[in-house]
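A.B. asks: Quick one: this structure, given as C-alpha cells, is what I'll be asking you about.
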Amino acid sequence: MSYEGNRHSGRGNRHDGRGNRHDGRGSRRSGRGVRRDRGQVALEYLGFIPILILVAMAGVQIGLIAYTAQQAGTAARAGARAASIGESAQEGCVNAISDWLTVDCPPVESGDEVTVTATVPIPSIVPGWNFDPARKTATMPLDH
C-alpha cells in the first residue's frame with residue numbers, strides 16, 4: 001500500500017499544509033492556541049505575585065522581630081554590666097546594639113545588685129503592622 005499524499009504515517013501530529021496541526025482524531029489545533037495559553041499562565045502568575053510578596057515580607061518581619069529581641073537581650077546585659085561598675089546603663093545599652101535601633105535602659109538598684117530592662121521598638125516593614133517593643137531584663141551584682 002502506498003500513501004503518496006500523506007508524508008507521515010502512523011500516530012502523532014500531522015500538518016494539513018496550512019500551518020494547522022491535526023492529531024489524527026478529527027480535531028485541529030492552531031499554533032496560535034499555544035500562545036494564548038502562555039498569556040493565560042502569565043496572568044495567573046501576575047495574580048499570584050502579591051501573595052508571594054506578602055509571604056516574603058512576613059518572613060522578613062519575623063526575622064526582624066527575632067533580631068530585635070536578641071538585640072534587647074544584649075543591650076540589657078551590657079547596660080547592667082555598665083551600671084554594676086558605676087557607668088551609665090543607657091550608654092552601655094546604646095553601645096551594645098545596632099546603630100539603626102533605639103533603646104531605653106533605665107537601671108534600678110536594689111541592695112547589692114542592679115537590674116536593667118532594655119526596651120527596643122520593633123521596626124515594621126509592612127505598613128499597618130505594629131508590634132509591642134521587645135523587652136529584656138538583666139541583673140548584675142554591684143561592683144563599685
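Computed from the coordinates by the stated procedures, all read-outs in this text should not be read as laboratory data. Note that this is a predicted model, so its numbers are computed, not measured. Here the Cβ positions follow ideal geometry from the backbone for every residue, glycine too, while neighbour counts run over all protein chains shown.
A.B. asks: Order of 136-144, 57-65 by packing, highest average Cβ count within 10 Å first?
C.D. replies: So the peptides 136-144, 57-65, ranked by packing, come out 136-144, 57-65.
A.B. asks: May I pose another question? Quick one: which residues, 5 or more positions from Glu113 or on another chain, have an amide H under 5 Å from its amide H? H modelled 1.01 Å from N in the peptide plane, none for Pro or chain starts.
C.D. replies: Under 5 Å from the amide H of Glu113: Leu142.
A.B. asks: What relative contact order, as a whole-number percentage, does the stretch 80-144 give when Cα pairs under 8 Å and 6 or more residues apart are counted?
C.D. replies: That works out to 34 percent.
A.B. asks: Within a Cβ distance under 12 Å of Ala69, other residues only, what is the Lys/Arg minus Asp/Glu net charge?
C.D. replies: Net of charged neighbours comes to +1.
A.B. asks: Once phi is turned into ³J(HN,Hα) by the Karplus curve 6.51 cos²θ - 1.76 cosθ + 1.60 with θ = phi - 60°, what whole-Hz value does each residue of the stretch 95-102 show in order, with x for glycine and proline?
C.D. replies: Each residue's phi maps through the Karplus curve to give 6, 8, 10, 4, 5, 7, 9, 10 Hz.
A.B. asks: What is the packing order of peptides 106-119, 74-87, taking the mean over residues of other C-beta atoms within 10 Å and listing the highest first?
C.D. replies: Highest-to-lowest ranking by the protection proxy: 74-87, 106-119.
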